[in-house]
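Written out below as structure tokens is the structure these notes cover.
Derivation of every value follows stated rules applied to the coordinates shown; laboratory data play no part. Note that this is a predicted model, so its numbers are computed, not measured. Positions of Cβ are generated from backbone atoms using ideal geometry, with glycine treated the same way; all protein chains shown enter the neighbour counts.
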Amino acid sequence: MSKEFRPIFRVGNPTSQIAEFRSDIQKLTEERNRLERELSRLLKRLQELEGENTGLREEIKNLRERLQEKEEELERVSKNLADRENVRRMAEELADKVTQQLRGLKDSLRNDFVHIAREVIREFLMTDVLPKEEVVTKVLEEVFTRVTDLKGSVKVYLNPQNVDGAYEFTGAFNDKISGRIEIEILTDSSLREGEVVIETPKFVIERKHDEILEEIFREVLKRVLEGS
């Protein structure tokens with residue numbers, strides 16, 4: 001694991017730094033709003049896919065009705081045959097076979113829908129729309145605000161692209177953690193943007209990209225299923 005130590009807080013004009021911090025907050029807010037709009041568009045697309053499934057279910061219903069008509073016709077023909085029992089048995093076997101095929105088709109459609117939804121959402125979230133800086137700061141906030149008894153040296157490993165945002169975030173906690181926690185922010189090129197590893201005297205926290213995507217996917221799919 002490659003490491004590069006950088007100072008925790010910047011030295012400069014406090015007013016300028018506060019303005020930059022507010023500007024970054026505004027950018028993150030705008031990025032979050034854009035993500036919400038994109039997710040709304042994706043949810044609309046998923047609803048369209050559900051509409052297509054409704055059409056397929058209607059076709060299945062029509063197929064069942066046609067099957068019923070064929071069975072009735074077969075019943076009428078069987079009355080003119082000497083081996084009526086044999087014809088009835090053939091009809092039952094045909095009905096069972098079609099029913100199994102319809103059941104398999106229904107299960108296949110459901111599985112295909114979930115698979116397509118997962119791939120669409122995953123590909124969407126793999127783009128730069130995902131607010132990776134926000135993911136990092138969220139993890140840091142959970143650690144430094146909820147773990148009140150945290151003391152000593154804390155090492156934070158990040159992708160080089162996320163380091164500046166981490167410095168700005170930890171700078172906001174200067175008064176709260178001064179004298180209690182010594183934060184060392186280190187770069188690790190093996191980590192993807194948005195990933196973070198935090199080593200403390202008591203525990204280690206790892207947030208990997210796939211875990212983040214899977215959590216967001218489950219949340220989006222839950223909203224879709226609840227709204228359907």
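Approximating the spin labels as points 7 Å out from Cα along Cα→Cβ, the V114-to-I60 distance works out to 1.5 nm.
Ordering K151, K44 from the fewest to the most neighbouring beta carbons within 10 Å gives K44, K151.
Can you work out the FRET efficiency for the pair S189 and Q17, with r the C-beta to C-beta distance and R0 = 25 Å, to the nearest 0.05?
Working: r = 27 Å, r/R0 = 1.08.
It comes out at approximately 0.40.
Would you mind getting me the FRET efficiency between R180 and I205? Use the beta-carbon distance for r and R0 = 25 Å, nearest 0.05.
Computed FRET efficiency for R180 and I205: 0.85.
Along segment 91-102 the Karplus relation, 6.51 cos²θ - 1.76 cosθ + 1.60 evaluated at θ = phi - 60°, assigns HN-Hα couplings of 5, 5, 5, 5, 5, 5, 5, 5, 4, 5, 5, 5 Hz to successive residues, with x for each Gly and Pro. Pairs exceeding 32 Å between alpha-carbon atoms, taken from K61/K222; K70/K106; K106/K138; K44/K155: K106/K138; K44/K155. Amide H contacts under 5 Å for L158: L186, T187, D188, restricted to partners 5 or more places along the chain or on a different chain, H placed in the peptide plane at 1.01 Å from N. Computed from backbone phi with θ = phi - 60° and the Karplus coefficients 6.51, -1.76 and 1.60, the 3J(HN,Hα) list for segment 55-62 is x, 5, 5, 5, 5, 4, 4, 5 Hz; x is used for glycine and proline. Along the Cα-to-Cβ line of L67, 7 Å from the Cα, sits a label point; which residues in segment 95-117 have backbone N less than 19 Å from it? From segment 95-117, the list is 95-111.
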